[in-house]
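Report on the following structure.
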Amino acid sequence: MIGVLACATSRLRIELRQETQLDDTVLKTLGVTHVMKISDQVVHLLMGEQAADTEQALQSLLA
């Protein structure tokens, strides 16, 4: 993962180094309701109101 941004109240924008890093099954077990592929390296994860908290947790992992 290169970056993460809460782009709406319920959505995260994730930038990936490689599309193969994305595992829809695991994401759904973590609360993601839908994965929208924007491009080969960008996806939006619909996950409800916990998107902002999840963004902060992922940002700290990237730092």
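Of the trypsin sites (Lys or Arg not before Pro) found in the chain, the ones in coil according to DSSP and having at most 16 other Cβ atoms within 10 Å of their Cβ are Arg17. Each residue, Cys7 and Ser39, gets one label point 7 Å from its Cα in the Cβ direction; the gap between the two is 1.0 nm.
Counting neighbouring beta carbons within 10 Å and listing from fewest to most, the residues Val43, Val35, Val26 come out as Val26, Val35, Val43.
Put in order of Cβ neighbour count within 10 Å, fewest first, the listed residues Thr54, Thr25 become Thr25, Thr54. For the range 3-62, the alpha carbon convex hull comes to 72 Å³ per residue, rounded to a whole number. Taking amide H as placed 1.01 Å from N in the peptide plane, the amide H of Leu16 sits under 5 Å from that of Ile2, Val42, Val43, each at least 5 places away or on another chain. Rounded to whole numbers, the Karplus 3J(HN,Hα) couplings from phi for the range 17-26 are 6, 9, 4, 5, 6, 8, 10, 4, 4, 5 Hz, using 6.51 cos²θ - 1.76 cosθ + 1.60 with θ = phi - 60°, and x at Gly and Pro.
Label-to-label distance for Leu30 and Glu49 is 2.2 nm, based on points extended 7 Å past Cα in the beta-carbon direction.
FYI, it's all coordinate maths here, none of it is from the lab. As the structure is a prediction and not an experimental result, all values here were calculated from the model. Neighbour counts run over all protein chains shown; Cβ positions are idealised from the backbone, glycine included.
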